[in-house]
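The values are calculated or read from the model by the stated rules, or taken from the named source; none is laboratory data. The structure presented is a predicted model; accordingly, all values stated were derived computationally and were not measured. Ideal geometry is used to build each Cβ from the backbone, glycine not excepted, and the neighbour counts take in all protein chains shown.
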């Protein structure tokens with residue numbers, strides 16, 4: 001006689017503190033409680049990482065189980081009756097804390113973590129401040145492991161969170177635990193120092209003050225700062241970052257509230273790459289070149305000078321060129337394109353293109369739901385990375401894939417010109433010479449046909465006809481395929497959407513009177529005015545026109561500034577508000593965290609020039625919220641739900657679904673190839689980023 | 001630069017390695033370290049790197065093992081590594097007196113080496129010879145029912161040979 005087959009239950013019912021709760025099978029008790037608002041304290045348990053069961057703080061009473069159980073390792077079971085706060089539990093937790101405090105110093109008054117320390121909170125709650133131990137505390141001196149990371153072994157409670165965050169979350173594995181018993185301590189991978197991403201995830205995840213950052217340590221207290229939620233603009237991934245600000249100084253960046261598309265993830269640039277804002281080399285006053293030398297002038301003089309020049313060149317029918325930075329906000333880009341087309345009456349407008357989204361949209365014309373979001377990268381069953389060192393160029397996307405590998409068994413395929421980190425956990429990793437990535441795809445066809453779905457991420461080696469070939473090849477796989485066209489900068493996507501292009505208007509509408517591209521402007525010997533808003537194009541190419549009057553908005557005296565006739569000191573992304581569209585087309589709000597004396601947001605500078613030229617009535621007001629309203633109602637795909645944006649969320653834009661018939665200048669599409677430790681021209685002015693020349697450092701190293 | 005072992009050691013290491021299935025090679029870390037240490041006398045960073053490579057783990061993961069196990073030494077021990085048990089059975093039978101005598105006579109402490117590099121001492125937990133307590137272990141050689149006189153003889157014999 002066979003036993004009757006019963007379907008596994010889809011929902012488990014159980015009771016916690018007298019409340020009827022339910023959760024899917026396999027849910028850990030600690031998670032199930034958390035979702036219902038019942039807090040079970042834990043040091044070692046961390047959602048998303050493997051179980052450690054090392055701290056014994058999460059003990060709970062379960063009926064019919066003789067001993068207290070660790071809620072972090074106990075899956076919910078049908079009919080389970082749990083009590084999360086009883087006298088017995090309080091006593092057990094107090095005991096655990098007393099043990100933890102046998103060697104933990106009570107140096108809270110000088111510890112960076114004081115005020116937001118999980119151990120401090122627990123001791124405050126369960127009252128184990130007094131110890132019965134009379135022995136001397138173990139002490140070991142603090143050590144510096146890298147320009148970022150400091151470790152104080154005495155404070156460490158050995159929860160292993162940092163070890164797992166580094167190993168599983170980052171895929172680096174730079175931290176381990178050495179020695180035994182009370183002498184155990186966290187160890188770095190290179191004997192006395194770290195060779196890692198310097199992302200600081202270990203520091204943020206540390207429940208106590210054992211790991212501290214060189215950037216924040218001993219500077220302030222958590223309650224003395226204002227916390228400003230904004231978006232990191234060092235790459236195109238658009239991670240939300242919460243800046244700790246005091247007296248107009250950014251003191252730290254993190255994302256402990258797990259809001260935004262990145263959860264808690266940030267890379268070294270997002271966490272620590274803000275120090276350029278306080279650089280002494282910042283330009284803080286407008287400058288005009290007089291007799292070959294740049295001299296500081298007042299704003300009114302510089303604005304008036306530029307407006308006069310623009311007007312006279314326009315009156316003479318001169319040739320204008322406008323280059324937009326790919327880190328400007330959508331509002332700035334939109335207003336700038338309006339200024340250029342409606343004010344200067346030209347379409348000589350471009351930005352540094354780093355990915356061929358235009359051809360992709362054209363090739364996908366008619367398909368719906370074909371563009372992947374950051375969340376899709378986590379949920380997908382399979383992903384194919386073509387020609388990008390993802391963990392360096394797109395750290396969040398790489399993090400999402402890694403999380404997918406851990407939680408959803410995502411299978412990753414890579415086709416890259418050199419070794420990449422993804423190879424460690426990829427199903428198949430192919431290394432091919434640069435530019436031959438597409439030809440290698442045929443090798444993967446059969447394996448990919450066996451997948452259920454696929455997200456394809458491609459870099460700048462797939463452009464023009466190659467994009468069409470890729471889409472055609474993917475169609476032969478017979479599975480649902482989504483795409484991410486990898487672009488470089490925080491608003492490279494916005495620059496495309498807002499029509500900062502010589503041949504496309506906002507919303508990918510074809511410009512009937514196409515103008516010159518960036519390379520075209522730089523090569524045009526008869527260019528009269530080149531207006532460079534934030535970018536640094538002269539770093540890579542010379543300006544052919546000797547007579548061109550060059551106006552540049554800049555933060556630093558860079559290669560472009562060296563040729564400029566007028567300089568406007570512009571505000572950084574941390575100093576302005578607006579919206580940005582990330583690599584996967586999600587719009588988020590940028591919020592000004594600090595003010596820097598002398599600098600103005602580019603939108604304001606553009607607006608003031610418009611005002612001086614008498615164009616203000618044509619172009620409309622230049623406040624970011626009014627310009628955004630116009631984008632929201634006028635630019636295709638930007639009619640996003642406002643509550644999502646206003647509450648700090650990421651709203652998905654839906655770009656045009658239809659043919660985009662323009663001549664894409666594929667030769668001008670080129671990735672800047674920034675690594676984790678570089679950020680265009682800006683990264684050079686971050687003391688921190690230039691002080692951590694640790695491993696990756698260059699693309700395709702391992 | 002990869003480390004080369006003597007043919008005998010290499011054979012042992014290959015043999016250990018072959019015992020574990022693909023994907024479980026990390027289980028070979030401890031025995032490989034033990035036998036390699038026997039040949040080299042110490043666990044060097046090169047050895048750690050070599051074992052890590054063969055067992056498909058990171059050097060840090062091997063370091064964790066080395067740090068955890070007291071029988072793996074990152075500091076070179078003496079030619080004769082003398083281990084004195086002071087665990088419960090040996091303690092009751094005078095193991096602690098042996099330990100004090102040895103440290104006093106040689107002028108070295110726990111995990112320290114004599115100036116000539118000949119002898120090192122280690123106070124160990126149970127060496128598994130409780131029935132013949134107290135015991136002293138010289139390398140892999142056991143000495144049972146040890147007295148202070150016997151210990152002196154042992155040390156004398158080591159010093160005489162060299």
Check your understanding: Restricting to segment B:54-65, what's the tally of residues that are in a helix (DSSP H, G or I) and within 14 Å of chain A (Cβ to nearest Cβ)?
Key -> 7
Exercise for review: Could you grab me the full set of residues in segment A:510-547 that are assigned to a loop (DSSP other than H, G, I, E, B), crowded, with 23+ Cβ neighbours inside 10 Å and over 29 Å from the mean Cα position of the chain (by Cα)?
Suggested key: A:527
**Study point:** Residues of segment A:187-223 classified as within 14 Å of chain B (Cβ to nearest Cβ) and surrounded by fewer than 21 Cβ atoms within 10 Å (Cβ to Cβ), total
**Key:** 5
Study note, to complete from the structure: Apart from one, (1) over 18 Å from the mean Cα position of the chain (by Cα); (2) within 14 Å of chain A (Cβ to nearest Cβ) all hold for residue B:14; the odd one out is (2)
Practice item. Evaluate the following for residue A:159: is it within 30 Å of the chain's Cα centre (by Cα), within 13 Å of chain B (Cβ to nearest Cβ) and surrounded by 23 or more Cβ atoms within 10 Å (Cβ to Cβ)? Key: no
Point to revise | Residue in segment A:237-247 that is over 15 Å from residue A:274 (Cα atoms), in contact (Cβ under 8 Å) with a residue 24 or more places away in the chain, in contact with a strand residue (DSSP E or B) (Cβ under 6 Å, 6 or more places away or on another chain) and surrounded by fewer than 23 Cβ atoms within 10 Å (Cβ to Cβ) present | key: no
Practice item. Output the residues belonging to segment A:170-184 that are facing chain B (nearest Cβ under 9 Å) and under 31 Å from the mean Cα position of the chain (by Cα). Key: A:173, A:174, A:175, A:176, A:177
Check your understanding: Only one residue in A:266, A:328 is modelled with pLDDT of 95 or more, over 29 Å from residue A:350 (Cβ atoms) and outside any helix (DSSP H, G or I). Which one?
Key -> A:266
**Study point:** helices (runs of 4 or more DSSP H) contained entirely in segment A:393-496, each with at least 3 residues that are surrounded by fewer than 21 Cβ atoms within 10 Å (Cβ to Cβ), under 26 Å from the mean Cα position of the chain (by Cα) and assigned by TED's automatic domain parsing to the domain that holds residue A:362
**Key:** A:395-408
Check your understanding: surrounded by 22 or more Cβ atoms within 10 Å (Cβ to Cβ), part of a strand (DSSP E or B) and in contact (Cβ under 8 Å) with a residue 12 or more places away in the chain, is that true of residue A:552?
Key -> yes
Revision key, fill the gap. All conditions in (1) over 28 Å from residue A:543 (Cβ atoms); (2) assigned by TED's automatic domain parsing to the domain that holds residue A:503 are true of residue A:572 except (1)
Review point. Here are some residues: A:369, A:350, A:362. Which one is over 21 Å from the mean Cα position of the chain (by Cα), in contact (Cβ under 8 Å) with a residue 12 or more places away in the chain and in a loop (DSSP other than H, G, I, E, B)?
Key: A:369
**Study point:** Conditions (1) in a helix (DSSP H, G or I); (2) in contact with a strand residue (DSSP E or B) (Cβ under 7 Å, 6 or more places away or on another chain): number failed by residue B:9
**Key:** (2)
Revision key, fill the gap. Reported set for segment A:137-156 where residues are assigned to a loop (DSSP other than H, G, I, E, B) and within 14 Å of chain B (Cβ to nearest Cβ) is A:140, A:145
**Study point:** Condition check for residue A:334: touching a residue at least 40 places away in the same chain (Cβ under 8 Å), under 24 Å from residue A:636 (Cβ atoms) and surrounded by 18 or more Cβ atoms within 10 Å (Cβ to Cβ)
**Key:** yes
Exercise for review: Starting from residues that are at the interface with chain A (Cβ under 9 Å from one of its Cβ atoms) and buried (at least 19 other Cβ atoms within 10 Å of the Cβ), keep the ones in segment B:66-97 and report whichever is farthest from the chain's Cα centre (by Cα).
Suggested key: B:67
Point to revise | Residue that is farthest from residue A:701 (Cα to Cα), among those in segment A:189-209 that are in contact with a helix residue (DSSP H, G or I) (Cβ under 7 Å, 6 or more places away or on another chain) and assigned to a helix (DSSP H, G or I) | key: A:205
Study note, to complete from the structure: Per the list (1) more than 13 Å from chain A (Cβ to nearest Cβ); (2) surrounded by fewer than 20 Cβ atoms within 10 Å (Cβ to Cβ), residue check on residue B:45 breaks on (1)
Check your understanding: Filter segment A:70-98 for residues that are assigned to a helix (DSSP H, G or I) and under 39 Å from the mean Cα position of the chain (by Cα); which is surrounded by the fewest Cβ atoms within 10 Å (Cβ to Cβ)?
Key -> A:96
Exercise for review: Tell me which residues, restricted to segment A:120-136, are surrounded by 14 or more Cβ atoms within 10 Å (Cβ to Cβ) and not in a helix (DSSP H, G or I).
Suggested key: A:128, A:131
Check your understanding: From the list A:662, A:635, A:692, A:627, which one is touching a residue at least 12 places away in the same chain (Cβ under 8 Å), closer than 30 Å to residue A:516 by Cβ, surrounded by 17 or more Cβ atoms within 10 Å (Cβ to Cβ) and outside the structural domain of residue A:496 (by TED's automatic domain parsing)?
Key -> A:662
